[in-house]
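Undergrad: Before I ask anything, let me first share the structure, which is written out below as structure tokens.
The values are calculated or read from the model by the stated rules, or taken from the named source; none is laboratory data. Because the structure is predicted, anything quoted here is derived from the model rather than measured. Please note: Cβ atoms are built from the backbone with ideal geometry, for glycine as well, and neighbour counts cover all protein chains shown. When the accessible area is computed, the model is the full protein with side chains, heavy atoms only, and any ligands, DNA or RNA have been set aside. Shrake-Rupley method; radii C 1.70, N 1.55, O 1.52, S 1.80 Å.
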Amino acid sequence: MARCAWIGCNQRVGVSVVSDWDTRPADKDGWTCVKSSVSRRSILESELVLTSMGIDTRIERRLFEWRLLTLHVMATHARVQLDLYYKENKQRARPMAIYPTLGLGYKGSVVYLLVIWAFFIADELRLIGGSQGVLSAAAVDNGAWWLTITALTLHANIGHIVANSVSGALFGYAAGRYLGDGFAWFLILASGALGNLLNAWVRPDTFYAIGASTACFAAAGLLCGFTWRKSFVKGASARLNYMPIVGALALFVFMGVQGENTDVVGHLMGLVSGLVVGALVARFDIRRLGKSGQQLFAVAGMGLIGLAWLFAW
């Protein structure tokens, strides 16, 4: 029996239709191969196509492939029909669209920088009792919830605040673009405070911490959780839309465990809190908040910081 060539005009993976010009001698019974494939399913599909056209077919099994045969006098017509069928039924790529932006992003980042630098300068000048706002695991366990917020506004030195300024502004900018500046930064504050709360719960009573890094990782987690749950790239494969989760884990590995005095657990808690919050809020249409809703959440965030410090004093 004549060998069936693997030259094809069909573009589907694992399917090869012999081109009209690729003619081979028929076997002694007058049968010739019009298609070969490692997929039995594709051969059966092609057989159905030809049978519906009134073309006699036969399937045979070779060692590593399935072959579809037809009478030699009908081979050219069969190949043409298969070419037409697969061209007409070729899956068309769905257009991909990025999730729409809801804010400028930079406004929230500017306010974030102003807040943490204002507290840093005030603490350096002894204008506030910075020690009163330090996160203490023992105090939080006893109900001092406000320390989970005040600790986010305090920093140990210039290097500490510069690092958190850069990372927080970048992640906050991206989050603000897709959740709106006011809503995004309110969620970043809430997620950062939740991360500090979880961190205090799993630490011994002698644990103390300050810094906005927990909120920075919360911002990254918020963005990743939101974009994953929203299927950020509409029309893309599920594999592509899982990339934000992979990115969040990679970020923690490369940034969350570096440094001598790094609070690894705090960074992880902030990231996890942000991921969960981001995935939850993605269930709602944030566009319904409108401009007034964004402003309300911005004021609520600033008010929450002020209230926390009032409790701390």
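Undergrad: What's the number of the condition SER131 fails, among (1) within 19 Å of GLY270 (Cα to Cα); (2) exposed (fewer than 13 other Cβ atoms within 10 Å of the Cβ)?
TA: Status for SER131: all satisfied but (1).
Undergrad: With (1) closer than 30 Å to SER292 by Cβ; (2) in contact with a Ser or Thr (Cβ under 8 Å, 6 or more places away or on another chain); (3) open to solvent by 30 Å² or more (accessible area, probe 1.4 Å) as the list, and VAL115 as the residue in question, which single condition is left unmet?
TA: (3)
Undergrad: Can you name the strands (runs of 3 or more DSSP E) wholly within segment 1-71 that have at least 1 residues being at pLDDT below 65 and in contact with a Ser or Thr (Cβ under 6 Å, 6 or more places away or on another chain)? First the steps, then the outcome.
TA: Values: elements: 15-17, 31-37, 57-61, 66-71.
Ranges flagged: 15-17.
Undergrad: A follow-up question, please. Kindly indicate whether any position in segment 143-156 is of a type outside the set (S, T, N, Q), more than 29 Å from ASP285 (Cα to Cα) and in contact with a His (Cβ under 9 Å, 6 or more places away or on another chain).
TA: Looking for residues that are of a type outside the set (S, T, N, Q), more than 29 Å from ASP285 (Cα to Cα) and in contact with a His (Cβ under 9 Å, 6 or more places away or on another chain), one finds none in segment 143-156, hence no.
Undergrad: Looking at segment 175-226 only, could you name the residues that are assigned to a helix (DSSP H, G or I) and aromatic (Phe, Trp, Tyr)? Can you show your working first?
TA: Within segment 175-226, the subset assigned to a helix (DSSP H, G or I) is 175-179, 181-202, 213-226.
If the condition is that a residue be assigned to a helix (DSSP H, G or I) and aromatic (Phe, Trp, Tyr), then TYR178, PHE183, TRP185, PHE186, TRP201, PHE217, PHE226 are the ones that fit.
Undergrad: Against the definition (open to solvent by less than 30 Å² (accessible area, probe 1.4 Å) and either more than 30 Å from ASP205 (Cα to Cα) or in contact with a Gly (Cβ under 6 Å, 6 or more places away or on another chain) (or both)), how does HIS77 come out, yes or no?
TA: Working: open to solvent by less than 30 Å² (accessible area, probe 1.4 Å): no; either more than 30 Å from ASP205 (Cα to Cα) or in contact with a Gly (Cβ under 6 Å, 6 or more places away or on another chain) (or both): yes.
Against the criterion (open to solvent by less than 30 Å² (accessible area, probe 1.4 Å) and either more than 30 Å from ASP205 (Cα to Cα) or in contact with a Gly (Cβ under 6 Å, 6 or more places away or on another chain) (or both)), HIS77 does not qualify.
Undergrad: Taking segment 253-276 as the region of interest, how many residues are of a type outside the set (A, V, I, L, M), under 19 Å from the mean Cα position of the chain (by Cα) and modelled with pLDDT under 90?
TA: Summing the residues that are of a type outside the set (A, V, I, L, M), under 19 Å from the mean Cα position of the chain (by Cα) and modelled with pLDDT under 90 in segment 253-276 gives 2.
Undergrad: Identify, please: which residue in segment 136-145 is under 36 Å from the mean Cα position of the chain (by Cα) and assigned to a loop (DSSP other than H, G, I, E, B) and is, among those, surrounded by the fewest Cβ atoms within 10 Å (Cβ to Cβ)?
TA: By that ranking, first place goes to GLY143.
Undergrad: Could you list, in sequence order, all residues of segment 210-236 that are of a type in the set (Ser, Thr, Tyr), farther than 15 Å from LEU187 by Cβ and at pLDDT below 90?
TA: Hit for segment 210-236 is SER231, nothing else.
Undergrad: Inspect all residues belonging to segment 173-182 and state whether any of them is among the aliphatic types (A, V, I, L, M) and open to solvent by 10 Å² or more (accessible area, probe 1.4 Å).
TA: Checking segment 173-182: at least one residue is among the aliphatic types (A, V, I, L, M) and open to solvent by 10 Å² or more (accessible area, probe 1.4 Å).
Undergrad: Now a separate question. Restricting attention to segment 148-181, report how many residues are farther than 10 Å from SER109 by Cβ and of a type in the set (A, V, I, L, M, F, W, C).
TA: Of the residues in segment 148-181, 11 are farther than 10 Å from SER109 by Cβ and of a type in the set (A, V, I, L, M, F, W, C).
Undergrad: Within segment 121-128, does at least one residue satisfy the condition of being surrounded by 13 or more Cβ atoms within 10 Å (Cβ to Cβ) and more than 25 Å from LEU304 (Cα to Cα)?
TA: For segment 121-128, residues surrounded by 13 or more Cβ atoms within 10 Å (Cβ to Cβ) and more than 25 Å from LEU304 (Cα to Cα): absent.
Undergrad: Here is a follow-up. Scan segment 113-135 residue by residue and report those that are of a type in the set (A, V, I, L, M) and part of a helix (DSSP H, G or I).
TA: LEU113, LEU114, VAL115, ILE116, ALA118, ILE121, ALA122
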